[in-house]
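Quick note: the coordinates plus some simple rules give every number you see, no bench work behind them. Quick caveat: nothing in here was measured; it's all calculated off a predicted structure.
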Amino acid sequence: MAMSVGGPRTGAIADINVTPMADVMIVLLIIFMVATPIIDVRPDDFALNSTPVLTLHDLDVKLRAAFETRGDATLFVRPSTDISYARLVAALDVAKGAGASRIGLVEESGP
């Protein structure tokens, strides 16, 4: 009885190396996290990436401009703890109307 065990391989290896793809995906995730606009909602005003925005109309204009320059329309909102629910919903409505495809809420950081 003859049996072949291990000999030299002459064909191509059919394994897929996913390590470079995982590295690229992690880098892209970090880039998108840094580049995503964040709305700070205070009781009397709004801020887009720490730039004050006086009215909901101004917020709409600035968000539309931000979404036009980027391929991803993801938005993160960081509401103040003392904002009214109606004011927050109004800001979310403006963001949705400006073209935000996904909206996430971020907890306000402590002192």
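Summary table
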| read-out | value |
| --- | --- |
| Space enclosed by the convex hull of the alpha-carbon atoms of the stretch 36-105, per residue, Å³ | 72 |
| Gain upon complete extension [T69, T51; 0.36 nm per residue less C-alpha separation] | 4.7 nm |
| Karplus 3J(HN,Hα) series, Hz, for the stretch 68-82 with 6.51 cos²θ - 1.76 cosθ + 1.60 (x for Gly, Pro) | 5, 8, 10, x, 9, 9, 8, 10, 10, 10, 10, x, 6, 6, 9 |
